[in-house]
Amino acid sequence: MGLYASAAGVLAGVENRQGSIKGLVYSSNFQNVKQLYALVCETQRYSAVLDAVIASAGLLRAEKKLRPHLAKVHRGVSRNEDLLEVGSRPGPASQLPRFVRVNALKTCSNDVVDYFKRQGFSYQGRASSLDDLRALKGKHFLLDPLMPELLVFPAQTDLHEHPLYRAGHLILQDRASCLPAMLLDPPPGSHVIDACAAPGNKTSHLAALLKNQGKIFAFDLDAKRLASMATLLARAGVSCCELAEEDFLAVSPSDPRYREVHYILLDPSCSGSGMPNRQLEEPGAGQPSPARLHALAGFQQRALCHALTFPSLQRLVYSTCSLCQEENEDVVRDALHQNPGAFRLAPALPAWPHRGLSTFPGAEHCLRASPETTLSGGFFVAVIERVKAPSSASQAEASAPECTPSPAPKRKKRQQKAAAGACTLPCT
């Protein structure tokens, strides 16, 4: 009952304007924030029809102690979609398959496949195309055609209570969200910076690629998100990560602790316009205002430019869950222009069907994602490589005169929240 009571509390808080869904979920102290967030979002999506069902059934009259919001989340139906009118049926995003990353720190794909087979599931092997994923039904599952260790189940498959998930053997993560760590591809023993790390799925993916050998320096400014992230990483068996409640822009590239950092994953705060549930957070969130986009893009460019000043950096992945050119191709283009000849866009995953917008030469090396083209949430990824390894002298200087100066380290945290309503949703 704890889950339902917590969801009811979040819904009541949203109605009373005490905060946003994401803020109230993270401040609820409920252990599984993703499960709570999913339940609240689904309840919000079906709010109108649930109100009608509760009213027609006289549920609140029969159960005097039942709060309206608790009645909403606790009301059982056999098929939610059948409650909706045709005009409000869920779109493509709600019909996405359930993607499950096998956590290589605790198990392997073969063992997980065998486990599900013993539970009555039928394994179909590696998918040959996205059409195979679209056709999944019932108790069938596949291996993703492009993503190693990513299993694919039919849409609406709920694995939040599955013992392998609760034990950290499985990570429920969107297909596109697996791209950043996979494309960064740090070898075991590497030192890596995860610049804007919470809620931690990408960090756990990095740790799995490192085989817990090496070091991940993970930064985030939100203490509550970091606390949830620490729980997630512990469950996943991550032991190579050092968490810091710190603004990445205030981290000095010349600090001796980071002299061996060759890899950086930068997934900064963004508008979240590519996230299927973003519209549930706030109406019109899928179309951020020009002023907000300008502010977010400014923060993102400062963060990317700052990351490129780390003297030993060899490879960086920049990603967002935004569909907006201003936060994606434009940010990458401007950062490269501010570092002429030093870095280049690396070709990434040629088989990926959705490429970057042709806004500048080489933008086709970037990746985009959407429910329609890649069966995932909206996403953007760019892989940036150093053109030539820096000399020892340039490493000692650790300077980047072409880049926009980073903000002062002592600025207040509220200035770091990245431009009015930055996305802090759990990008699964």
Carbon and sulfur: what percent of the stretch 336-380's accessible surface (1.4 Å probe)? 62 percent
Debye log10 I(q)/I(0) for the stretch 263-375, one point scatterer per Cα, at q = 0.10, 0.14, 0.16, 0.23 Å⁻¹: -0.30, -0.59, -0.77, -1.43
Accessible solvent surface per residue of the stretch 146-260, calculated while the other protein chains remain in place, 1.4 angstrom probe, Å²: 34 Å²
How much length, in nm to one decimal, is gained on full extension between Asp185 and Arg166, taken as 0.36 nm per residue of separation minus their Cα-Cα distance? 4.2 nm
What length, rounded to one decimal in nm, is gained on full extension from Asn29 through to Ser254, with 0.36 nm per residue of separation minus their alpha-carbon distance? 77.3 nm
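Before anything else, pin down the relative contact order of the stretch 138-224: Cα pairs under 8 Å, at least 6 apart, normalised by residue count, whole percent. Walk me through the numbers before you get to the answer.
Values: 96 pairs, mean separation 19.1, N = 87.
Result for the stretch 138-224 is 22 percent.
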Name all residues of the stretch 318-356 having a backbone nitrogen under 14 Å from the label point set 7 Å from the Cα of Lys388 along its Cα→Cβ direction, giving them as ranges. 340-344
One finds, for Asp334 and Ala135 with R0 = 45 angstrom and r their Cβ-Cβ distance, a FRET efficiency to the nearest 0.05 of 0.60
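Could you quote the convex hull projected area for the stretch 189-347, Cα atoms only and averaged over all directions, in nm²? Show your work: numbers first, answer last.
On the way: hull surface 39.5 nm².
Average of the hull's projected areas for the stretch 189-347 equals 9.9 nm².
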Evaluated over the stretch 110-207, the Cα radius of gyration and Dmax, each in Å: 14.7, 42
Would you tally the net charge around Arg126, using a Cβ to Cβ cut-off of less than 10 Å, leaving Arg126 out, and scoring K and R as +1, D and E as -1? -2
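The values are calculated or read from the model by the stated rules, or taken from the named source; none is laboratory data. Remember, predicted model here, so these are calculated numbers, not experimental data. Using ideal geometry, Cβ is built from the backbone for each residue, glycine included, and neighbour counts are taken over all protein chains shown. Only protein heavy atoms, including side chains, enter the accessible area calculation; ligands, DNA and RNA are left aside. Shrake-Rupley method; radii C 1.70, N 1.55, O 1.52, S 1.80 Å.
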